[in-house]
Every structure is written in structure tokens, then in C-alpha cells.
Amino acid sequence: MPDSLTIQVKYFASLREALGPGETVRVPRSFSVGALRDDLIDRGEPHAGVLSRERAVRAALDQRLCAETELLHEGAEVAFFPPVTGG
Amino acid sequence: MPAPNQIPLPRRASVEIRTRDFDLSAEVAALRAHDGGVGAVVSFIGTVRDRNDGCGVTAMELEHYPGMTERSIEVMIDAAFERFDIRAVRVIHRVGPLRPLDQIVLVAVSSMHRGSAFQACEFLMDYLKTRAPFWKKETLPSGEARWVDARDSDESALARWGLPTQPL
């Protein structure tokens, strides 16, 4: 069994403008959504500022809003975005 | 034995994310077509204001998360069918470039009696405002563009229905 996971990360709205539409990343097994966010923050700018814990950032796992404690799986799609403003 | 007009229909729901405008009359006619059990239709239309947070607004761009948007609204409609005695739901949400006075969103609900249609329509809008992945960017008269901030009042509206909220 591989010791890492391949994750498709997507960004929307102001996060997309700063970071692009998305990227493919590899993370250790048993990583959570929050651990992925921290891993991206640790890359430095522009990720650090945009995904900062000071900012309201929402996450979705496989196209469902999720808590950051949820665990990743191989091939997961994770999206980060600001609080939504539709309607 | 229920009367013919009380036989439950299969669940009817339709969600569409699109750029083009919609026609309320046509949508309501389709929503209640062939359903003699409908005694009430409630519809909500959200439109683009020409001002927001004290500034004029000259244009608006709506972004969404294709796939998740449709799926999340379908989950909301499932929740509405579980909570309220309703017969059919139609949701249309526009994306892309919009201008002041344009229609943005339609939620229409049919039911036997008005109470459940009123409630389900408001429930769906409160839910959609806070959980469907859409983002608005508005252009000001200066030409500057800014992302619209989410509102605490929208989260409070969701709390009324006993749904978990996420503080901003």
C-alpha cells in the first residue's frame, strides 16, 4: 500500500484568484482536511496568507461541505473557498 | 382509499444552474402542470440590487462549484421533502455576468395547502444562501471589483430551522 495519498485540491472565488483553480498534491496517509490546509499554509506565500487560520475558509471533501477533522482518501477532491454568498 | 387528487405523486424536483434568464410564469406553469393535488404555489425570486453596503453596484459576476452546486441543492431539496408536505420544487440559479435588476435565483414550491409551500420556500432559500457554493463579485462605479462578504444574518436565518451553523 503506498504511503501517500494523491489529492486534487480546488480553490474558488478569492482563493482561486490568489492560488489558481487548483493543484494536485501528495500527502501522508491518514491526513485530515485540516492537516492538508496546514500543509499548504506551510508552503509560504501566497498559500499562507490566503489559507491562514485568521481567515474564514470553508472546506469541501468530495463536493460535500466538511469539517476539517474528516480524513482524506486516495483520489479525494478537496476544495477550499470563502463563506458562500449566493441566492 | 384516498381521493384521486390525494394520491402521492413521485417526488418532483428540478435544479438548474445556468447563465440565461428565466420566466416565472412558465416555471410555475410547469411546476404544477398535471398535478390536481396542488392548492398552493409559493415562489421566491432574488434579484441584483444597484447598491450594497453603501456603495453603488454596476455589475455582478457569480461563480460556483460545478457538480457540488447541483448536488448540494439536491440535498437541500431532499431535506425539504422530509420536513414539509410539498409536491414539487423547482430551483434555478444563474451564474456568470449579471447586471442590476437582473433575476438571480428562483425557488418555487407547490403543495396542497399554503403553509408548507411558504415554509419550504423560505427553508430552501435560507439553506441555499448559506450552504450552496456560489460567490458574488460586484463591480463598483469606480470600476473596482470586490467579493461580497457573507452575512451573519444569513447564518442566523439557518439556525431558525434547527440546522447547525458555522460562525463567520
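The values are calculated or read from the model by the stated rules, or taken from the named source; none is laboratory data. Keep in mind that this is a model prediction, so the values were computed, not measured. Positions of Cβ are generated from backbone atoms using ideal geometry, with glycine treated the same way; all protein chains shown enter the neighbour counts.
Is it true that B:L128 is modelled with pLDDT of 95 or more, touching a Gly at 6+ places or on another chain (Cβ under 6 Å), buried (at least 19 other Cβ atoms within 10 Å of the Cβ) and within 15 Å of B:I17 (Cβ to Cβ)? For B:L128, the condition - modelled with pLDDT of 95 or more, touching a Gly at 6+ places or on another chain (Cβ under 6 Å), buried (at least 19 other Cβ atoms within 10 Å of the Cβ) and within 15 Å of B:I17 (Cβ to Cβ) - is met. For the stretch B:127-159, a tally of residues being more than 7 Å from every other protein chain (Cβ to nearest Cβ), hydrophobic (A, V, I, L, M, F, W, C), without any contact (Cβ under 8 Å) to a residue 24 or more places away in the chain and closer than 20 Å to B:T69 by Cα returns 0.
Yes/no per residue for (1) under 16 Å from the mean Cα position of the chain (by Cα); (2) more than 15 Å from B:E122 (Cβ to Cβ):
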| position | (1), (2) |
| --- | --- |
| B:V38 | no, yes |
| B:I45 | yes, no |
| B:G54 | no, yes |
| B:S72 | yes, yes |
| B:A80 | yes, no |
| B:R83 | no, no |
| B:R94 | yes, yes |
| B:V105 | yes, no |
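Candidates are the residues of the stretch B:50-100 that are within 11 Å of chain A (Cβ to nearest Cβ), of a type in the set (A, V, I, L, M, F, W, C) and not in a helix (DSSP H, G or I); the one that is surrounded by the most Cβ atoms within 10 Å (Cβ to Cβ) is B:V91.
Against the list (1) touching a Gly at 6+ places or on another chain (Cβ under 8 Å); (2) away from chain A (no Cβ under 12 Å); (3) surrounded by 14 or more Cβ atoms within 10 Å (Cβ to Cβ), the condition B:I104 fails is (2).
Looking only at residues of the stretch B:108-162 that are outside any helix (DSSP H, G or I) and among the charged types (D, E, K, R), we find that the one that is farthest from A:A59 (Cα to Cα) is B:E144.
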